[in-house]
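Asker: The structure is given below, and queries will be raised subsequently.
The values are calculated or read from the model by the stated rules, or taken from the named source; none is laboratory data. This one's a predicted model, so the numbers in the text were calculated from it and none came from an experiment. Neighbour counts are summed over all protein chains in view; Cβ atoms, including those assigned to glycine, are modelled from backbone coordinates with ideal geometry. In case anyone asks, the SASA skips ligands and DNA or RNA and just uses the protein heavy atoms, side chains included. Shrake-Rupley method; radii C 1.70, N 1.55, O 1.52, S 1.80 Å.
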Amino acid sequence: MLLVPLGFRHPRKTEEAVGRASLDAIADEMAYLPDDVLIAMVEAMRARGEGASKDFWPSRASFIGVAEWLHPRPLEFSPKLLSWFASIEGPRAIENGTLVETWQFFEQKKRPPSLPEDRKRVEVVAQHNARKLQLIAERRERGREQFPDDLAWERWYLDRRLYCEQAVADARAGKAVA
């Protein structure tokens, strides 16, 4: 879905095995992307050809950069990053109610929220999300009409929190994330 439609070529002196290995590495890196993002990647990569005629394969780093921009690599595909949650930081994020938001920050930035402004940003988003959950629960308790978008978000958020909590538990136990 990605490499065939692009149809770039390797420079003449590239050995076939080296070229194949390069494309295999790109394909492996892009394996996490859903089909709709792969289609968008084709359009984004067409303009990134290398060489004077722009018809040579772009670098693996170019593919990774565009993929990260379109659809950040989920943390579970980055065991070294995930190990951060196995430290005291995972339980701390659970305890202070910022686990989902910390996880999202980590996925987007590929680093922990270690700067004061990063931690503040995570806390503000977590407070907003906690308030949204509270409002949905209050509407439910009062028997008021619920908005479908709010219910879908609530379901996503609660599922994501459970997933992240399990990932932290698995990381702390030394297990791989499923």
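Asker: Tell me, what is the FRET efficiency for Ala137 and Arg92 to the nearest 0.05, using R0 = 22 angstrom and their Cβ-Cβ distance as r? Present the calculation step by step, with values, prior to reporting the outcome.
Answerer: On the way: r = 25 Å, r/R0 = 1.13.
With R0 = 22 Å, the Cβ-Cβ based efficiency is 0.30.
Asker: Mind checking the per residue accessible area of the chain for me, 1.4 Å probe, whole number of Å²? Let's see the in-between values first.
Answerer: Numbers: 11240 Å² over 178 residues.
Value returned for the chain: 63 Å² of accessible area per residue.
Asker: Another question, if that's okay. What residue among Ser114, Ser87, Ser59 has the largest mean-square fluctuation in a Gaussian network model of the chain, using Cα springs under 10 Å?
Answerer: Among Ser114, Ser87, Ser59, the largest GNM mean-square fluctuation belongs to Ser114.
Asker: Quote to one decimal, in nm, the extra length available between Phe147 and Tyr32 on full extension: 0.36 nm per residue of separation minus the C-alpha distance between them.
Answerer: Values: separation 115, 0.36 × 115 = 41.40 nm, distance 3.18 nm.
That works out to 38.2 nm of additional length.
Asker: Suppose R0 equals 30 Å. What FRET efficiency, 1/(1 + (r/R0)^6) with r the Cβ-Cβ distance, do Ser62 and Trp156 give to the nearest 0.05? Kindly include the intermediate steps, with their values, before the conclusion.
Answerer: On the way: r = 32 Å, r/R0 = 1.05.
For Ser62 and Trp156, the calculated efficiency is 0.45.
Asker: Compute the whole-percent fraction of alpha carbon pairs in the chain spaced more than 26 Å apart.
Answerer: 48 percent
Asker: Is the C-alpha gyration tensor of segment 16-70 telling us rounded, prolate or oblate? Criteria: a/c under 1.5 is rounded; beyond that, a/b larger than b/c is prolate, otherwise oblate. Intermediate values should be presented prior to the final figure.
Answerer: Numbers: a/c = 2.11, a/b = 1.21, b/c = 1.75.
Oblate, because a/c is 1.5 or more while a/b does not exceed b/c.
Asker: With the contact rule set at Cα under 8 Å and sequence spacing of 6 or more, what percent relative contact order holds for the chain?
Answerer: On the way: 133 pairs, mean separation 34.0, N = 178.
Over the chain, the number comes to 19 percent.
Asker: Under a cut-off of 23 Å between alpha-carbon atoms, report the lysines in cross-link reach of Lys80, not counting same-chain residues fewer than 8 places apart.
Answerer: Qualifying lysines at Cα under 23 Å: Lys109, Lys110, Lys175.
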